[in-house]
1. Taking the conditions exactly as written (more than 21 Å from Pro7 (Cα to Cα), of a type in the set (D, E, K, R) and touching a strand residue (DSSP E or B) at 6+ places or on another chain (Cβ under 8 Å)), does Glu28 satisfy them or not?
2. Given (1) of a type in the set (Lys, Arg); (2) within 30 Å of Lys15 (Cβ to Cβ); (3) in contact with a Ser or Thr (Cβ under 7 Å, 6 or more places away or on another chain), identify the lone condition not met by Lys47.
3. Can you say whether Lys47 is surrounded by 12 or more Cβ atoms within 10 Å (Cβ to Cβ), within 30 Å of Gln102 (Cα to Cα) and either free of Cβ contacts under 8 Å to residues at least 24 places away in the same chain or under 23 Å from the mean Cα position of the chain (by Cα) (or both), as far as the supplied structure shows?
Amino acid sequence: MMPGMNPKMLKQAMKKMGMKQEDIDATEVIIKTPSKDLVIRNPQVVKINAMGQESLQVTGEIEEVSTEKFSEDDVKTVASQASVSEDEARAALEAADGDLAQAILALQK
């Protein structure tokens, strides 16, 4: 909603422009990216249909959660300990599910 505007008048104006609005009862919204998840808690979600184009408006408390199982420091540690490239170290860490010791041992074999 737009602040300071009468909700009833806003709804009428949107209807005149061919826009429909629907509230969605959500408890949590998660947006996944390659390196992190954006978790929106206590969300207010509104689905808007404007001339056949649907979009969502989400507001709430945003928390960033890392999805990486290991850090760049972990990659550098494994690479230096096993005397391999960072790409090889990253691949070993992925195979070892982030376990540094297991990754280093696998690369030293």
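1. On the way: more than 21 Å from Pro7 (Cα to Cα): yes; of a type in the set (D, E, K, R): yes; touching a strand residue (DSSP E or B) at 6+ places or on another chain (Cβ under 8 Å): yes.
Answer is yes for this residue.
2. Going through (1) of a type in the set (Lys, Arg); (2) within 30 Å of Lys15 (Cβ to Cβ); (3) in contact with a Ser or Thr (Cβ under 7 Å, 6 or more places away or on another chain) one by one, Lys47 breaks only (3).
3. Details: surrounded by 12 or more Cβ atoms within 10 Å (Cβ to Cβ): yes; within 30 Å of Gln102 (Cα to Cα): no; either free of Cβ contacts under 8 Å to residues at least 24 places away in the same chain or under 23 Å from the mean Cα position of the chain (by Cα) (or both): yes.
No, not satisfied.
Taken together, the values in this text are just the output of simple stated rules run on the coordinates, not laboratory data. Computed from a predicted structure; not experimentally measured. Backbone-built Cβ (ideal geometry, glycine too); neighbour counts: all protein chains shown.
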